[in-house]
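Okay, structure first, notes after.
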Amino acid sequence: MSSTKRQGNKLTIEMDLPSTKGDFAPLPVTALTPADLNANGSSVGAEGVLEFSTSGLGIYCAYASLLTYLTLQEAVTCGAMTEAQRWGQVGQTAWATAKDSAVKVVALSTVLACVPALLPVASIAGVVGLGFMGVRLTKAFYSALTVEQRANLRNAANEAGVKLKGLTDQSGDKPEGYGSGNEPLPSFG
């Protein structure tokens with residue numbers, strides 16, 4: 001959610017950036033994507049810990065960075081932040097996420113590399129985690145659309161005869177912001 005305050009000639013925009021701290025959705029995705037770093041086809045033992053950890057941290061950081069990038073679109077659009085400042089914030093988010101999630105990812109990687117029998121269960125949890133990540137990213141993307149982009153999307157959907165719940169049945173006003181709980185999520189209905 002964002003708020004705008006004007007004090008004389010100074011405009012201040014306060015935004016709540018999404019936090020992935022305590023967000024465990026990307027964690028089980030680690031089980032789905034071990035990076036085969038030495039190309040031997042095995043992800044067990046010490047090399048498995050490294051392979052699962054590398055891919056897990058990469059996914060965690062990419063998810064947090066993309067979520068931050070989309071959330072800051074409103075600030076860039078209204079001129080409160082430059083594109084360079086947004087990229088700086090995305091980099092800080094990636095670094096903070098890597099530091100905050102490293103222990104969790106390495107711990108899960110160690111368990112998966114040492115007990116490969118848990119991979120099927122962890123893979124199912126990974127698919128569920130991907131679903132949660134997808135919903136959050138979709139909401140962030142939808143909130144980042146400008147009024148014109150939303151109108152173009154609505155017109156294209158109406159021309160194609162597609163009904164998008166939360167998009168084609170509304171006046172098209174921009175939701176209050178990602179994370180407020182009030183933003184509609186388009187769905188095929």
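Where a number appears in this text, it was derived from the coordinates with a stated rule and is not lab data. Fair warning: this is a prediction, and the values are worked out from it, not measured in the lab. Using ideal geometry, Cβ is built from the backbone for each residue, glycine included, and neighbour counts are taken over all protein chains shown.
Taking a label point 7 Å from the Cα of Thr33 along the Cα→Cβ vector, which residues of the stretch 123-165 have an amide N closer than 16 Å to it?
123-138
Arrange the following residues from fewest to most other Cβ atoms within 10 Å of their Cβ: Asp36, Asp100. Write down the numbers at each step before the final one.
Working: Asp36 13, Asp100 16.
So the residues, fewest neighbours to most, are Asp36, Asp100.
Using 0.36 nm times the number of residues separating Cys78 and Val128, minus their current alpha carbon distance, what extension gain do you get?
On the way: separation 50, 0.36 × 50 = 18.00 nm, distance 3.55 nm.
Result for the pair: 14.5 nm of gain on full extension.
Which shape class, rounded, prolate or oblate, goes with the stretch 23-144 when its Cα gyration tensor gives a ≥ b ≥ c as root eigenvalues, a/c under 1.5 marks rounded, and past that a/b bigger than b/c marks prolate?
Working: a/c = 3.13, a/b = 2.06, b/c = 1.52.
Here the stretch 23-144 falls in the prolate category.
Given a Förster radius of 22 Å and the C-beta distance between Ala117 and Ala62 as r, what FRET efficiency does 1/(1 + (r/R0)^6) yield to the nearest 0.05? Before the final figure, lay out the partial values.
Details: r = 28 Å, r/R0 = 1.29.
Computed FRET efficiency for Ala117 and Ala62: 0.20.
Subtracting the Cα-Cα distance from 0.36 nm times the residue separation, let me have the gained length for Glu148 to Lys165 in nm, one decimal.
On the way: separation 17, 0.36 × 17 = 6.12 nm, distance 1.83 nm.
Length difference between fully extended and current span is 4.3 nm.
Tell me, what HN-Hα J-couplings in whole Hz come from the Karplus equation 6.51 cos²θ - 1.76 cosθ + 1.60 at θ = phi - 60° for each residue of the stretch 61-77, using x for Gly and Pro?
For the stretch 61-77, the Karplus curve yields 5, 5, 4, 5, 5, 5, 4, 5, 4, 5, 5, 7, 4, 4, 5, 5, 4 Hz.
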